[in-house]
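Structure, as structure tokens:
The values are calculated or read from the model by the stated rules, or taken from the named source; none is laboratory data. Every value quoted in this text rests on a predicted model; they were computed, and no experiment measured them. Ideal geometry is used to build each Cβ from the backbone, glycine not excepted, and the neighbour counts take in all protein chains shown. To get the accessible areas, we keep the full protein, side chains included, count just its heavy atoms, and leave off ligands, DNA and RNA. Shrake-Rupley method; radii C 1.70, N 1.55, O 1.52, S 1.80 Å.
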Amino acid sequence: MSTNVQPHNGGGNPLYTANPDVVDMSNYLRAGHTLRSWLLTVDHKRIGLLYLISITFMFFLGGIFAGLIRLELMTPEGDLVSSSTYNKLFTMHGIVMVFFFLIPSIPAVLGNFLVPLMIGARDMAFPRLNLMSWYVYIIGAIFTMYAIVAGGVDTTWRFYTPYSTSFANTHVMMTALGIFIMGFSSILTGLNFVVTIHRMRAPGMTWFRMPLFLWAMYATSIIQILGTPVVGIAILLVGVERILGVGVFNPDLGGDPILFQHLFWFYSHPAVYIMILPGMGVVSEVITCFSRKQIFGYPFIAVSSLLIAFVGFFVWGHHMFVTGQSPYAGLIFSALSFLVAIPSAIKVFNWTATLYRGSVTFSTPMLYVFGFIGLFTIGGLTGLMLATLGIDMHVHDTYFVVAHFHYVMVGGMLLAYMAALHFWWPKMTGRMYPEGWGRLSALMVFMGFHLTFFPQFILGYLGMPRHYHTYPDEAGYQILHVLSTAGATVLGAGFLLPAIYFAWSFFYGKPAGDNPWLAKGLEWETTSPPPVFNFEKTPIVTEPAYNYSVHGDEVSEGSHVVAP
Amino acid sequence: MSHPERANPYVSHQFETATQQREASILGMWIFLATEIMFFGGLFLAYTIYYNMYTDAFKEASQHLDVMLGGINTGVLITSSLTMAMAVWAAQTSRQKLLVLFLSLTLVLAFVFLGVKAVEYMHKFHDGLVPGALFTYDSPRRDQVQLFFFIYFVMTGLHGVHILIGIGVIAAILVMAIKGKFHAQYNNPVDVTGLYWHFVDVIWIFLFPLLYLIGRYLPGAH
Ligand SMILES: [Cu+2]
């Protein structure tokens, strides 16, 4: 495949051809110019972009809540918001970020865009179901947004009972309904991916020739399929209990509040892997490309994704060490939590081994990936500390926990998401983002992130509890909170920057050509932006993934022969 | 762009062959059923825990369910699974009239099931056994009995919702069948609907003994 610039990509608005009546099937962005052609599309690439727009909106909404939280915590007194408003702020930050940004982020945007391309298919197995998933997401988001506008909700994103069922008088029902509905979007997307990966692979695309991103998406989908319904039923029961005033989870009426926590964490711990596994898939793709090397230990990385998904289902009790769960259960959950670190570490070691003797380029996606590896490692190791019963007793419900999961969620997943957006942006839009600005954003995010969250480890270790909007003057917390807020400002700016230059690049960016990174993988073999049905002819795969053994121009050639 | 050769007009644009399309839709339904199992699984877990905590109360409460009506419904649902299986066979063998007949029969049986269920719900309503403000059951185990009926209504209610969805889907399939859309070359929708309907049936097979029979046939009843 050549890497020359496609003439129809040059200049002007990429959505429009000279003659708007012409439907250009060789470029999915120009196949239909009306709003209707976008809202009723069944093209997985367009649906990916619909998700991109929706979740970017949710991300900045959740970011605003985070900003207000950080502002409030700059001073020991509660001078910006009342305590009940503060409770709503961190609840809505959590709900919006977890359910409406992190969970759909890489799967719904990049998974949708890439899965059919990477396996050489024309579309997902169920294109209409795919579009429906987006609408379901939007409906769920609307309910939740309504709850937010109408006055918010203050149960924390975990909806712990019996507070959420018997005491909270905020908009619990609306929010719960929104999340319940959104869950179906997640399930249906996962279902579509599994069937697509099983049944739609191009000739020669065997399981162990698949890009590791697909293994990660497959493992993620399994969690979405098996985990999401359980939190769905837990939330449903909370809702019915609130309506009827019966106590399934209320100890006063014979219910068991811990049962709710079991059901909730049975999903919500694996959900951590819904958030992180796709990120790991992205890292595997990016790191090989910018090291110009075949990945080290392909089968180990591939299988470790499945292992993480599997073991991840049996560790949920580590969220409940202090709930009065039996000490034997605690012991087992602790041990299993240690176990899940093994496949994660396998990945990190293989990534670093891939760098060894590679010719490494420090482009924006690669910088984000380096950020991911560092921050995820810190997040993972502090996770081991928290999986230790003794340490958890000491730091549970403190900022130590907050810092830990932000290192995994933001430092891990969000950085991988940014890496992925930069890496595949040229494929999605046919245009380059400004590289200099990109590197600046990667640097700002990395620095800002550390400044925001490292002080929180210390805060937690010193005993600052989470969920409080005031703290004692003399405790010495303030300097750490101020550092954290300063970091959050840098972090916020670091995320705003890509939002601006991506939007700019979509319309005015330099045409990228089909394969600006000289990357391997079927998605780079088609044009940028790809045609509606992805490939001129169904590709036939004849070699393993990441065959970077040849350098220079040869790199982009010969990864498959086109079917006669 | 790609112009897939359409030897078979029943193959959607994303698939290469009819076999691929068929395998994809069947795998998709099986995965959906896995989701459903986890969905009901949460409720079965809640049932198991509370049954073990409040065994006596659950047995006592179970006496208030109508085994007769529940048994009839079990028979109705199993029969509807048979007619559904026959419908799938009729579609695969291009027996147009039989297909319409069996789908209609399945639909009728589904309505019968819902009708009987509605009668049962009405009785519970009259007896003050609906959890919440209307719950009037008087016993030292009131809260625990209420818990049983809460689980009863959520589980059978959710199952009923699945029957309703099934009715919608079967009705749609029936309309398509009347138009002659299904035959040996193309019958995926019938096949997949069949899978779903059998699943709904199986859930009931678990619900019936757990809810209706525990108080009667386990040692230590009364
Ligand atoms: Cu966890």
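In table form, for the structure just shown:
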{"read-out": "A:Ile540 long-range amide H proximity, modeled H, under 5 Å", "value": "A:Val561, A:Ala563"}
{"read-out": "Qualifying chymotrypsin sites (Phe, Trp or Tyr not before Pro) for the stretch B:12-94 [loop in DSSP, other Cβ within 10 Å: at most 10]", "value": "none"}
{"read-out": "Per residue accessible area of the stretch B:14-216, 1.4 Å probe, in Å²", "value": "41 Å²"}
{"read-out": "Cut-off under 5 Å, modelled amide H: who pairs with A:Thr398 long-range", "value": "A:Arg466"}
{"read-out": "Heavy atoms of A:Ile181: accessible area, 1.4 Å probe, square angstrom to 10", "value": "30 Å²"}
{"read-out": "Cα-centred dipole magnitude for the stretch B:14-216, charges only on beta-carbon of K, R (+1) and D, E (-1), debye, nearest 20", "value": "480 debye"}
{"read-out": "√(5λ) per eigenvalue of the Cα gyration tensor, the stretch B:24-91, largest first, Å", "value": "32, 21, 5"}
{"read-out": "Residues of the stretch A:246-263 buried by at least 30 Å² on assembly (accessible area, 1.4 Å probe, chain alone as reference)", "value": "A:Val246, A:Val248, A:Leu253, A:Gly254, A:Asp256, A:Leu259, A:Leu263"}
{"read-out": "Interface burial for B against A (accessible surface, 1.4 Å probe, total of both chains, Å², rounded to 100)", "value": "3500 Å²"}
{"read-out": "Residues along the stretch A:190-219 losing 20 Å² or more of accessible surface when the other protein chains are present rather than the chain by itself (probe 1.4 Å)", "value": "A:Leu191, A:Val195, A:Arg199, A:Met200"}
{"read-out": "Theoretical ellipticity at 222 nm over chain A - DSSP helices of four or more residues, -39500 (n - 2.57) apiece, nearest 500", "value": "-20000 deg cm²/dmol"}
{"read-out": "Most positive-pole-ward Cα, A:Phe159, A:Val98, A:Tyr501, against dipole of the protein assembly as shown from beta carbon charges", "value": "A:Tyr501"}
{"read-out": "Carbon and sulfur %, accessible surface of the protein assembly as shown computed with the full protein complex present, 1.4 Å", "value": "71 percent"}
{"read-out": "A:Trp207, A:Trp265, reordered so the largest accessible area comes first (probe 1.4 Å)", "value": "A:Trp207, A:Trp265"}
{"read-out": "For the stretch A:466-511: accessible area per residue (Å², 1.4 Å)", "value": "50 Å²"}
{"read-out": "Test item: Cα-centred dipole of the protein assembly as shown, Lys/Arg +1 and Asp/Glu -1 on Cβ, debye", "value": "1380 debye"}
{"read-out": "nm² value of the averaged projected area, convex hull over the Cα atoms of chain A", "value": "24.9 nm²"}
{"read-out": "Local electrostatic count at A:Ile301 - Lys and Arg +1, Asp and Glu -1, tallied over other residues with Cβ under 15 Å", "value": "+2"}
{"read-out": "Within the stretch B:102-221: Cβ-based charge dipole about Cα centre, in debye rounded to nearest 20 (Lys, Arg +1; Asp, Glu -1)", "value": "120 debye"}
{"read-out": "q = 0.13 Å⁻¹, the stretch B:14-216: log10 I(q)/I(0) [Debye, one scatterer per Cα]", "value": "-0.75"}
{"read-out": "Residue-count net charge about A:Pro211 - beta-carbon cut-off 10 Å; Lys, Arg +1, Asp, Glu -1", "value": "0"}
{"read-out": "Helical segments meeting 27 Å axial Cα length and Kyte-Doolittle -1.0 threshold in chain A (DSSP H)", "value": "A:44-72, A:127-149, A:172-199, A:212-244, A:257-289, A:327-355, A:364-387, A:435-462, A:478-508"}
{"read-out": "Accessible area of B:Asp143 in the full protein assembly, 1.4 Å probe (Å², nearest 10)", "value": "50 Å²"}
{"read-out": "CD proxy at 222 nm, helix term only [per DSSP H run n ≥ 4: -39500 (n - 2.57); per residue of chain B; nearest 500]", "value": "-26000 deg cm²/dmol"}
{"read-out": "Inter-site label distance for A:Ile142 and B:Lys181 at 7 Å from Cα along Cβ, in nm", "value": "2.6 nm"}
{"read-out": "Label-point separation, A:Asp79 to B:His123 (7 Å along Cα→Cβ), nm", "value": "6.9 nm"}
{"read-out": "Counted charge near B:Lys59, where neighbours are those whose Cβ lies closer than 13 Å (Asp, Glu -1; Lys, Arg +1)", "value": "0"}
{"read-out": "Two-site FRET efficiency, B:Gln92 against B:Val202, from Cβ-Cβ distance with R₀ of 35 Å, rounded to 0.05", "value": "0.95"}
